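To start, the structure under review is shown below, and the notes come after it.
The values are calculated or read from the model by the stated rules, or taken from the named source; none is laboratory data. A quick note: this is a predicted structure, and the numbers were derived from the prediction, not measured. Ideal geometry is used to build each Cβ from the backbone, glycine not excepted, and the neighbour counts take in all protein chains shown.
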Amino acid sequence: MNCSDFQRRLLIDPRSPELADAAQARVCDDAPARLAEALAFENRIDAALDIPPPAGLVERILAAVPEDARAPRTNSPRRWWPLALAASLVAAAVISNSVMQSPSGTTALITASVEHLSHEPYALTRVDPVPQRLINRMFTDAGLKLDSSGLALSYLNRCPLERRWSVHMVMPAPEGPVTVMYVIGEAKVERMDVRHEMVAVRTLPYASGALVLMAESNRDFDRIESAWHQAAGEGVELAGGGE
Amino acid sequence: MEAKRAAFDQLVRRLNADLYRFAYWLSRDQALAQDLVQESFLRAWRSLADLRDEKAAKAWLMTIVRREHARMFERKVPPLDDIADLVIEDQDTPSAFEMSEIQEMRDAIARIEDKYREPLLLQLVGGFSCDEIAEQLGITASAVMTQLFRARAKLKALLRGDSRGNVHELL
């Protein structure tokens, strides 16, 4: 670990034992002082987060266990999950449809997506492939079951996009990285190919949401769109959900 | 059934404080936080047989809180408590100076974006490693590290008086 690594990691996990070792080894001249300062800051965060539960919370929780729930169950409670998930997706779709029924709704989505690029500029610098299990898990959480084996990603994150959730991804491509946002619940988005603030953008409906492709050039868009259609197979099905 | 109740009582008593803190900082609403915690424990009751390991149970419960909160966020943005109005029952009463420092930090934590606050909460309230947080959030460990870095950098910027929490440090 060098000095710049040490300083970076002080903001990631200052209580890591490796940092204490590095401070002792004086990877920077003032490493012990920097570590002490970071730990004091950490204690201050801890003190601020320390909000005690209200009196009676434990009793309230214990009293809320219904009598019939205490009897042995014959049906698995997990059977409710697909219904709950479907209900929440329908609710999300109803809300977003009211916002996104017009071409101007698609334009608003494009504006928000391009603006979001500046919030996470480091996303475009990642090169390591994202493990397949993380991709699958993210899409299961988003309510989609995909064959993601053909989707090579170098970045994956769950991001709020205005009042909606989206899956923010970056796919390496010959003409430069392409950012792909899957916006959950944006089913009524229109297919558009435009340039917005020097960014080439394509929007298209996808499953129960929308895909937004963004890059310097749109030359890789067809190939990437095709990979997404292939991932969806003949029809994109809702995942079972569950915790 | 008595054994199940005893195990559940123990789980609630051990984890309610951390879970409430987590729910409160996600929602910044005391009533909503209580509802989220109660709902999560009720689900835990139904799946108690699968929750033998305490750390796994905590991760599972925090995931439920996070998802339930996200669903509420999708449906509506609830009115938030003003952090300055929050009445805290501290066992060890801090001095006025300490209290003002704590309050400043609470304001700053409330102001950073959710995507930075969530991993920070999972690390400091949940006690999870970057890999475990990545697993829970369904993102890469490097994305978690970036978010933790930016969370602390933004807190420092806000406490320095940069009202937008701009981060100038290189990643």
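Numbers below:
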{"read-out": "So A:Arg163, is it among the basic types (Lys, Arg), surrounded by fewer than 20 Cβ atoms within 10 Å (Cβ to Cβ) and modelled with pLDDT under 90", "value": "yes"}
{"read-out": "Search result, residues across the range A:121-133 that are part of a helix (DSSP H, G or I) and facing another protein chain (nearest Cβ under 8 Å)", "value": "A:Tyr122"}
{"read-out": "Qualifying positions in the range B:1-33 - within 7 Å of chain A (Cβ to nearest Cβ), free of Cβ contacts under 8 Å to residues at least 24 places away in the same chain and either closer than 19 Å to A:Ala48 by Cα or not in a helix (DSSP H, G or I) (or both)", "value": "B:Met1, B:Ala17, B:Tyr20, B:Tyr24"}
{"read-out": "Within the range A:37-120, helices (runs of 4 or more DSSP H) holding 3 or more residues that are modelled with pLDDT under 85 and either at the interface with chain B (Cβ under 8 Å from one of its Cβ atoms) or exposed (fewer than 13 other Cβ atoms within 10 Å of the Cβ) (or both)", "value": "A:80-99"}
{"read-out": "Listing of strands (runs of 3 or more DSSP E) fully contained in the range A:182-234 that carry 1 or more residues being buried (at least 19 other Cβ atoms within 10 Å of the Cβ)", "value": "A:199-206, A:209-215"}
{"read-out": "Qualifying residue in the range A:145-155 (condition: in a strand (DSSP E or B) and either without any contact (Cβ under 8 Å) to a residue 60 or more places away in the chain or not assigned by TED's automatic domain parsing to the domain that holds A:Thr106 (or both))", "value": "yes"}
{"read-out": "Residue count, the range B:58-85 (criterion: in contact with a Leu (Cβ under 8 Å, 6 or more places away or on another chain) and at pLDDT below 85)", "value": "4"}
{"read-out": "Residues that are part of a strand (DSSP E or B), at pLDDT 90 or above and under 13 Å from A:Leu124 (Cβ atoms), drawn from the range A:166-181", "value": "A:Met169, A:Val170, A:Met171, A:Val178, A:Thr179, A:Val180"}
{"read-out": "Unique residue being in a loop (DSSP other than H, G, I, E, B), at pLDDT 90 or above and not polar (S, T, N, Q) when the list is B:Ile88, B:Ile133, B:Ile109, B:Ile139", "value": "B:Ile139"}
{"read-out": "Number of positions in the range A:134-148 that are among the charged types (D, E, K, R) and either closer than 15 Å to B:Arg67 by Cβ or facing another protein chain (nearest Cβ under 9 Å) (or both)", "value": "2"}
{"read-out": "Within the range B:139-154, considering residues that are among the small types (Gly, Ala, Ser) and surrounded by 22 or more Cβ atoms within 10 Å (Cβ to Cβ), the one nearest to the other protein chains (Cβ to nearest Cβ)", "value": "B:Ala143"}
